[in-house]
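Notes follow the structure.
The values are calculated or read from the model by the stated rules, or taken from the named source; none is laboratory data. In this text, all values refer to a predicted model and were calculated from it rather than measured experimentally. With ideal geometry, Cβ positions are generated from the backbone for all residues, glycine too; neighbour counts draw on all protein chains shown. Note: accessible area is taken over every heavy atom of the protein model, side chains too, but ligands, DNA and RNA are not part of it. Shrake-Rupley method; radii C 1.70, N 1.55, O 1.52, S 1.80 Å.
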Amino acid sequence: DVKVTQSSRYLVKRTGEKVFLECVQDMDHENMFWYRQDPGLGLRLIYFSYDVKMKEKGDIPEGYSVSREKKERFSLILESASTNQTSMYLCASSSGRVNSYEQYFGPGTRLTVT
Amino acid sequence: AQSVTQPDIHITVSEGASLELRCNYSYGATPYLFWYVQSPGQGLQLLLKYFSGDTLVQGIKGFEAEFKRSQSSFNLRKPSVHWSDAAEYFCAVVPYSSASKIIFGSGTRLSIRP
């Protein structure tokens, strides 16, 4: 079974802190994704990566950055956390094979910024 | 504008009753279509997917969905719901041009009445 793990289930940070959210997948997937999930808005794509050291902006990249130094690990960074970044963050991965679009999700990190 | 619409925010059905969750999309060509389920406190799990071929697709946990091109719809159904089906359900599409990006609907929360 594909396993996607996220470093924390719950996280509380203060405004202005630098925050790292880590995601690791064990299926050698090429593609990795970071989403945020807010009530009534579904999942919105923050950043994604097709390969090591490659990244692309999603729909809401402002206030975030990412790092992918190894194939299995994709980190989301909040350079200076703000209260409007309080949300559920979901990481996902998918194979890079043609027509393979199924994404596998981690359990999520619920981040509260106070 | 391209979009995925789930018109029902919250649905309550009695245990043992039938279920239909609605999903409509607006894209020029038929995209790839998915339904995901998110149980409380969990990440998302794929229920079923449609790429081409038979317009009635079977998924896990007794769910099925029917693609109707004329209505741009991909509604999810289950003939008899169980209390464990209480969760949030997301319809999602991969437009042809998206290169593995998935666009999610805003979700429908399903509650089960004992």
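Give the number of residues within the range A:8-41 that are under 15 Å from the mean Cα position of the chain (by Cα) and either within 14 Å of chain B (Cβ to nearest Cβ) or among the charged types (D, E, K, R) (or both).
Of the residues in that region, 18 qualify.
Identify, by number, the condition in (1) surrounded by fewer than 20 Cβ atoms within 10 Å (Cβ to Cβ); (2) at pLDDT 90 or above; (3) not in a strand (DSSP E or B) that residue A:81 doesn't meet.
Unmet for residue A:81, out of (1) surrounded by fewer than 20 Cβ atoms within 10 Å (Cβ to Cβ); (2) at pLDDT 90 or above; (3) not in a strand (DSSP E or B): (1).
Considering only residues that are outside any loop (DSSP other than H, G, I, E, B) and among the small types (Gly, Ala, Ser), look in the range A:53-70 and name the one that is nearest to residue A:84 (Cα to Cα).
The extreme case among them is A:65.
Report the residue count in the range B:6-46 for those that are in a loop (DSSP other than H, G, I, E, B), within 18 Å of residue A:40 (Cβ to Cβ) and more than 14 Å from every other protein chain (Cβ to nearest Cβ).
Going through the range B:6-46 one residue at a time, the tally reaches 1.
Among (1) touching a helix residue (DSSP H, G or I) at 6+ places or on another chain (Cβ under 9 Å); (2) part of a loop (DSSP other than H, G, I, E, B); (3) surrounded by 13 or more Cβ atoms within 10 Å (Cβ to Cβ), there is one condition residue A:102 misses while meeting the rest; what is its number?
All conditions are met except number (1).
If residue B:78 satisfies every condition in (1) basic (Lys, Arg); (2) more than 14 Å from chain A (Cβ to nearest Cβ); (3) within 22 Å of residue B:30 (Cβ to Cβ) but one, which is the exception?
The single condition residue B:78 does not satisfy is (3).
Checking the condition open to solvent by less than 50 Å² (accessible area, probe 1.4 Å), touching a residue at least 12 places away in the same chain (Cβ under 8 Å) and acidic (Asp, Glu), which residue from A:38, A:28, A:59 passes?
Just one listed residue meets the conditions, A:38.
Take the range A:75-93 and flag every residue that is under 29 Å from residue B:35 (Cβ atoms), more than 14 Å from every other protein chain (Cβ to nearest Cβ) and touching a Phe, Trp or Tyr at 6+ places or on another chain (Cβ under 7 Å).
A:76, the sole residue that qualifies.
Being under 16 Å from the mean Cα position of the chain (by Cα) and modelled with pLDDT under 90 is the filter here; which residues of the range B:5-51 pass it?
B:26, B:30, B:31, B:32, B:43, B:51
When you look at residue A:96, is it in contact with an Asp or Glu (Cβ under 9 Å, 6 or more places away or on another chain), away from chain B (no Cβ under 14 Å), open to solvent by 10 Å² or more (accessible area, probe 1.4 Å) and not β-branched (Val, Ile, Thr), yes or no?
So residue A:96 does not fit the description; no.
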